[in-house]
Amino acid sequence: MKPRARIWIEDRGKPLFGDGKIALLETIEWFGSMNRAAQEFGMSYLHAQKKIKTLEKRLGVKLVETTVGGKHGGGSKLTGKGRRLIKNYKKFRDEVDAVMQKMWDLLLQRRASPSL
């Protein structure tokens, strides 16, 4: 058995980001395209763009650089701060998961041992 939890980061009591927005950022980086990433999540380009722009505004940093059309077509890539946000969140998430697993294992051990 493995414990699971929904985790997100809030700012002033309002959700800022969590697994979903981090996954969207990762998918933008993977495909090099916000449009393709939006399709993968079953959302419109405008909806994905709004999510990213809102997050950037609330964090006060640029997370995604987008180039428009042209000879070689447009695209999107993460900035260094975007990549760092993913890295830090995933490290935090891994630590939370590890702590939850330890707590669960301890609880199971206590239940298995005789009461004092």
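A few points about this structure:
- Options (1) 74, 29, 24; (2) 47, 31, 26; (3) 56, 44, 28 - which one matches Cα extents along the principal axes in Å as calculated here: (1)
- Net +/- balance of residues flanking TRP104 in space, Cβ distance below 13 Å, scoring K and R +1, D and E -1: +3
- Distance in nm between pseudo-label sites at ILE9 and LYS102 (7 Å out along the Cβ direction from Cα): 2.2 nm
- Amide H contacts under 5 Å for VAL64, placed H, 5+ residues apart: THR79
- Coupling constants for the range 77-85 follow from the phi torsions by the Karplus curve (6.51 cos²θ - 1.76 cosθ + 1.60, θ = phi - 60°), and in residue order they are 9, 6, 7, x, 5, x, 5, 5, 4 Hz; glycine and proline get x.
- The chymotrypsin sites (Phe, Trp or Tyr not before Pro) of the range 1-84 that meet both conditions, a loop assignment by DSSP and at most 15 other Cβ atoms within 10 Å of the site Cβ, are PHE41.
- Each part gets one Cα centre, and for the range 13-46 versus the range 60-97 those centres are 10 Å apart.
- Acute angle (nearest 10 degrees) that the helix 19-31 long axis makes with the longest principal axis of the chain, alpha-carbon atoms: 40 degrees
- In this structure the amide hydrogen of LEU16, modeled in the peptide plane, comes within under 5 Å of the amide hydrogens of ILE9, GLU10, ASP11, none closer than 5 places in sequence on its chain.
Bear in mind these aren't lab numbers, they're just calculated from the coordinates by the rules spelled out. Owing to the predicted nature of the structure, the values given are computational and were not obtained by experimental measurement. FYI the Cβ positions are ideal-geometry reconstructions off the backbone, even for glycines, and counts take in every protein chain you see.
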